[in-house]
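One structure is given below, encoded as structure tokens.
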Amino acid sequence: MAEGAGGAAANGGSDEKVLDFLDSVDSYLTTMESLAPILRQGWFDLASARHSMGVFRVSSASLDLKDHSASTYLQMVGHESDDSFVGQPSFSLCKWASADNKSCCSEEEIPDSQLRHRGTSRLSENQEQNSNGDDSLKTVDDLVKKERAKTLSVFGTLVSPKLRTAQLSFETALEVLVEAANIRSSMLSAYSQVQKQMEDTREGEIGPIP
Amino acid sequence: MAGRAQIATKSSALIAMIADEDTVTGFLLAGVGNVDIRRKTNYLIIDSKTTVKAIEDAFKEFTTREDIAVVLISQYVANMIRFVVDSYNKPVPAILEIPSKDHPYDPAHDSVLSRVKYLFSAESVASGRR
């Protein structure tokens, strides 16, 4: 009876791993499918900008080849062992970090002050902290605008509005790609667990060699 | 695993790109471009003159650099160096095959899906039943 219950629990656990793996494959496929229309919009806007600004202004010839750091990069969290990442690394996108202010200027970074003081009964304290939150949001917003404008300035002082919309499309595409990278990571982790389980099952069936 | 110290770490890293001009230009607009003091970039623009060797060298360089976490590669470019891409099996940097203007994304060619589809193949089912 106890062996039957243990066997049922083991089967339930293995089914869960298989389901996790299948879910992650499905999420990965769905995410990659959602990328195509976003990229298509970005290419279309870029082509429109090229049409209005001229072919030579919107081309690889305009790209900045002086040394500069990326404004948009990834924060990677993982378990490090012997100087290599093991297990399941996870990625988060840090958008528009300025050279002066190394912290992330991403719009996802909502200042904690605005969240921490929700539900406070004293209205004036709330209002003061809300205005502080608004100020820091405005600062983040200004920094993001500044970094976006700096990137666009590579193509000239006056740029087509289509170039700005192309920039937004590719930013969205980056967010989707980072999500895909995280799903890929969990898919590979689930795959290795299922594979290991299959090997253990086969070894268990073969049994010890006399 | 016992006795091996595993420390949760957080580090910043770049996104590398191997793609056509429009795709690379678009992502550079989003701020991912990086050029170091030695004028080494984190992207390679593919055109009609780019050789397969140059693509292979760029892929190997980006996958061995410690400051790169994700490599975006157009799937039609990945198909040119399919053997090299499929042989790559490290968790970081993550390789993501993306569509291009003239070549839509095909899950059948994606290297990570090719790796895991073994679990759905007849051989794996048959070996499990023996």
- Among the residues of the stretch B:10-33, is any in contact with a His (Cβ under 8 Å, 6 or more places away or on another chain) and outside any loop (DSSP other than H, G, I, E, B)? no
- Task: Take B:ILE55 and decide whether it is over 24 Å from A:ILE38 (Cβ atoms), modelled with pLDDT of 95 or more and not charged (D, E, K, R).
- Result: yes
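Table: residues versus (1) at pLDDT 95 or above; (2) more than 26 Å from A:SER169 (Cβ to Cβ); (3) buried (at least 23 other Cβ atoms within 10 Å of the Cβ); (4) within 7 Å of chain A (Cβ to nearest Cβ).
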position: B:GLY3; (1), (2), (3), (4): no, yes, no, no
position: B:ILE15; (1), (2), (3), (4): yes, no, yes, yes
position: B:LEU28; (1), (2), (3), (4): no, no, yes, yes
position: B:ARG39; (1), (2), (3), (4): no, yes, no, yes
position: B:GLU61; (1), (2), (3), (4): yes, yes, no, no
- Item | Filter result (under 25 Å from the mean Cα position of the chain (by Cα) and within 7 Å of chain B (Cβ to nearest Cβ)) within the stretch A:31-62 | A:MET32, A:LEU35, A:ALA36, A:LEU39, A:GLY42, A:TRP43, A:LEU46
- Message: I'd like the full set of residues that are under 20 Å from A:THR151 (Cβ atoms) and part of a loop (DSSP other than H, G, I, E, B), limited to the stretch B:38-57.
- Response: B:ARG39, B:LYS40, B:ASN42
- Is it the case that the stretch B:107-114 has a residue that's out of contact with any helix residue (DSSP H, G or I) (no Cβ under 7 Å at 6 or more places or on another chain) and open to solvent by 10 Å² or more (accessible area, probe 1.4 Å)? yes
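The values are calculated or read from the model by the stated rules, or taken from the named source; none is laboratory data. Keep in mind the model is a prediction, meaning the values are calculated, not measured. Ideal geometry is used to build each Cβ from the backbone, glycine not excepted, and the neighbour counts take in all protein chains shown. Only protein heavy atoms, including side chains, enter the accessible area calculation; ligands, DNA and RNA are left aside. Shrake-Rupley method; radii C 1.70, N 1.55, O 1.52, S 1.80 Å.
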